[in-house]
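Participant: Got a structure here, written out as structure tokens. Questions coming.
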Amino acid sequence: MTAPNRNTLWGRAIAAELARNGVRTVCISPGSRSTALTVACDEHDNLNTVSALDERSAAYFALGRARRTGEVTPLISTSGTAAANYHPAVIEASQGRVPLLLLTADRPPELRDSGANQTVDQEKLYGESVRWYKDLPEPAADERTLRSLRTDISRAVGTAEGTHAGPVHLNVPFKKPLEPTPVDGDVPADLSPLAAMGRGDDQPFVKRTTGEPQLDDGDLRKLAEEVSVDRGLIVAGPADPPGLTAESVTAFSHATGFPILADPLSGLRFGGHTRAAPVIGGYDAYVNTAVTESWLDPEVVVRLGASPTSKPLRKYLAGTDARQLVVDPAGAWREAEFTATDLVVADPDRLCGHLSQLVRNRGSADWRNRWVEAESAHSEVVDDRAADLFEGGILADVVEGLPDPSTLVVSNSMPVRDLDRFGGVDTTSVTTVGNRGASGIDGIVSTALGAAHGTTDDVTLVIGDLAYYHDMNGLAAIRRADVDATIVLLNNDGGGIFHMLPIEEFEPPFTDQFKTPHGMDFEPTGELYGFDYRRVDSRSAFREAYAEAVAAEGSQVIEVRTDAAASHEIRDGVQAEVIDRLID
Ligand SMILES: Cc1ncc(C[n+]2csc(CCOP(=O)(O)OP(=O)(O)O)c2C)c(N)n1
Ligand SMILES: [Mg+2]
């Protein structure tokens, strides 16, 4: 293969190796220094490109896509502050174990720290937030350097999607000419086909064979013995992409008799398996209260995924003297109450599958039934509030109205908490997505639209007004990436969550500095970004509008104006009623 110059050859080698390593979609933002990367990815037959105008939204779009698919999703930026705009999403990807690959174009080394235009220090720009960083050599059309480049791309993709998945950063310096302009003699005619084109048959330069970590037989048998108790719980926190497998966790639950306390982002709250397995979803309303105070403690808690969203659940678990086994395939320590007694370094699905065959004792039916009864009391109380307009009720309506299958993206702040407390358990096949790695309210629109790009499911996003405002730029992806979503905008005119904090009592500065009402009318975003926008003011109107929106083509925003303080009162009221019923 010949190329008009070494930069073009370099860009083509990167694009080809990305595709051969399984990459399908690359998100590109405009800029000059990255020209060779952009042109090569754009012209590659097996790569789709998404053009995103601003890098902060681009990175969250890639994050949403990678989170939904589990596929490594590269980003391409020019040099300078463009690359710095990836940082928030890189942090989320790191903490949420999402496979991103940052390809940041840069000036050649001699122009760094020289006062050259659009040149900043991009060395290790994202610090400890990436699993691997490399400043690539300057493009060179020689055998050894091209082999190193092709090897690096296999390594970058492999690291990003490894057991401890996460972002990888390759800084890519280029000298001019950046375009595919012919440069005589720049690419030697006798370059070997292997260096110039890589391996034939679309093979990656380095093929990787990997497996998930698992325990050996002796340790498995010991563990099976240890979980053969009367009272146990399986606590499934937010899952690492691509998610936990319902079959293996429910098999484990069946063998042990342990209820599954399923975080809304665990992937286990919703789906056909909930017909047969004791999946518990209302715990946020009644654990760590007078209800569980009168219960015996669990003896064993098996914890899968990240730390649960529910604070009451975390506090309840911390208050028991149960043995707590934190299962983490990457051997990380995601338990911030410091109540873990055991770290089990194993793939959670495989572990559950193996243990379900070895456990001999099915635990107490009384224990299980307590949870199941609490669950039905909770869902009855939530159903009784079907006419009340409050934020939690809208989440219950969304779950009720989701098409099958669906991808549901929930923003941080109250939406994810309300899904936790009011979403219940449902047989609809729903993949939930949320950014709980760092729990930012930034980039949520882009995350949802990126997830929509990675699935054929209907996609619904539930988002608060400040989070919507934070990433209005992200709405441009509806047209630019040709994706659809139904967006439920819970507009309580500010950060409703702050009512839950003691600062609520301090006025000033509560309203101006914390709740921050802004009075913004978001309706014009419909015209600006090309979707239908409507507003509803009751639960029944919402249910109707939501059903119409999911049945319609294209994207819609349904704004629901709510009162934050009143919503909290109803949340508290529901909780009090559930507790009342359960301690009677
Ligand atoms: C990027 C970022 N900035 C600030 C915060 C702090 N914060 C957490 S929740 C919240 C308010 C969110 O308001 P909104 O999206 O309207 O949701 P609501 O609280 O009303 O449910 C803020 C500012 C954050 N988590 N992330
Ligand atoms: Mg709000």
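Quick note: the coordinates plus some simple rules give every number you see, no bench work behind them. Since the model is a prediction, treat every value here as computed from it, not as a measurement. With ideal geometry, Cβ positions are generated from the backbone for all residues, glycine too; neighbour counts draw on all protein chains shown.
Participant: Using r as the Cβ-Cβ distance of E504 and E110, and R0 as 60 Å, what FRET efficiency do you calculate, to the nearest 0.05? Please list the in-between numbers first.
Facilitator: Values: r = 56 Å, r/R0 = 0.94.
The calculated FRET efficiency here is 0.60.
Participant: Of all alpha-carbon pairs in region 44-126, indicate the percentage at a distance above 23 angstrom. List each step's numbers first, then the result.
Facilitator: Values: 869 of 3403 pairs.
For region 44-126, the share of Cα pairs beyond 23 Å comes to 26 percent.
Participant: Let me ask you something else. For D135, which sequence-distant residues (separation of 5 or more, or a different chain) have an amide H within less than 5 Å of its own amide H, given hydrogens modelled in the peptide plane?
Facilitator: HN-HN under 5 Å from D135: N171.
Participant: Here is a follow-up. Tell me which residues come under 5 Å, amide H to amide H, from F531 once H is placed; ignore anything under 5 positions away on its chain.
Facilitator: Residues meeting the amide H criterion: none.
Participant: If you average the alpha carbon positions of region 189-268 and of region 513-584, how far apart do those two centres end up, in angstrom?
Facilitator: Computed from Cα coordinates, the inter-centre distance equals 36 Å.
Participant: If each Cα of region 240-357 is one equal point scatterer, what is log10 of I(q)/I(0) from the Debye formula at q = 0.09, 0.20, 0.23 Å⁻¹?
Facilitator: Each listed q maps to, in turn, -0.22, -1.24, -1.63.
Participant: Let me understand region 1-102 better: what is its radius of gyration from the alpha carbons, and its Dmax, in angstrom?
Facilitator: 13.2, 42
Participant: To the nearest whole percent, what portion of all C-alpha pairs in region 75-170 is separated by more than 15 angstrom? Show your work: numbers first, answer last.
Facilitator: Values: 2767 of 4560 pairs.
Result for the distance tail: 61 percent.
Participant: Would you please put 209-219, 18-28, 479-489 in order of how densely packed they are, using the mean number of other Cβ atoms within 10 angstrom per residue and starting with the highest?
Facilitator: Working: 209-219: 10.7, 18-28: 22.2, 479-489: 20.3.
Output ranking for 209-219, 18-28, 479-489: 18-28, 479-489, 209-219.
Participant: I need the peptides 400-411, 447-458 ranked by packing, meaning the mean over residues of other C-beta atoms within 10 angstrom, with the highest value on top. Could you put the intermediate results ahead of the total?
Facilitator: Details: 400-411: 22.3, 447-458: 25.0.
Peptide ranking by packing, descending: 447-458, 400-411.
Participant: Could you run the Karplus curve 6.51 cos²θ - 1.76 cosθ + 1.60 with θ = phi - 60° over region 431-444 and give me ³J(HN,Hα) per residue in whole Hz, x for Gly and Pro?
Facilitator: 9, 9, 9, x, 9, 8, x, 10, 6, x, 9, 8, x, 6
Participant: Convert 4 °C to kelvin, take the viscosity as 1.567 mPa s, use the Kirkwood radius over C-alpha pairs of region 324-434 as Rh, and evaluate the Stokes-Einstein diffusion coefficient in µm²/s, rounded to a whole number. Present the calculation step by step, with values, prior to reporting the outcome.
Facilitator: Details: Rh = 17.1 Å.
Rounded to a whole number, D works out at 76 µm²/s.
Participant: Separate question: Kirkwood hydrodynamic radius for the chain: how many Å is it when counted over pairs of different Cα atoms? Walk me through the numbers on the way to the answer.
Facilitator: On the way: mean 1/r = 0.0395 Å⁻¹.
Radius from the Kirkwood sum: 25.3 Å.
Participant: Between region 339-373 and region 132-149, how far is it from one alpha carbon centroid to the other, in angstrom?
Facilitator: Using only Cα atoms to place each centre, the spacing works out to 48 Å.
Participant: Direction-averaged shadow area of the convex hull around the Cα atoms of region 146-289, nm²?
Facilitator: Details: hull surface 62.9 nm².
Directional mean of the projected Cα hull area for region 146-289 stands at 15.7 nm².
Participant: Report, to the nearest 10°, how far helix 87-96 tilts away from the longest principal axis of the Cα atoms in the chain, using its own Cα long axis and a range of 0 to 90°.
Facilitator: 50
Participant: Taking every pair of alpha-carbon atoms in region 232-306, give the share separated by more than 15 Å as a whole percent.
Facilitator: Numbers: 1493 of 2775 pairs.
The share of Cα pairs beyond 15 Å in region 232-306 comes to 54 percent.
Participant: Could I ask something else about it? Name the residues whose placed amide hydrogens come within less than 5 Å of the amide hydrogen of N48, ignoring near sequence neighbours (fewer than 5 apart) on the same chain.
Facilitator: Residues meeting the amide H criterion: T25, V26.
Participant: Roughly how many whole Å is it from the C-alpha centroid of region 1-23 to that of region 274-294?
Facilitator: 54
Participant: Please count, across the chain, the pairs of lysine residues with Cα atoms under 27 Å apart that sit 8 or more places apart or on different chains.
Facilitator: So the count of such lysine pairs works out to 9.
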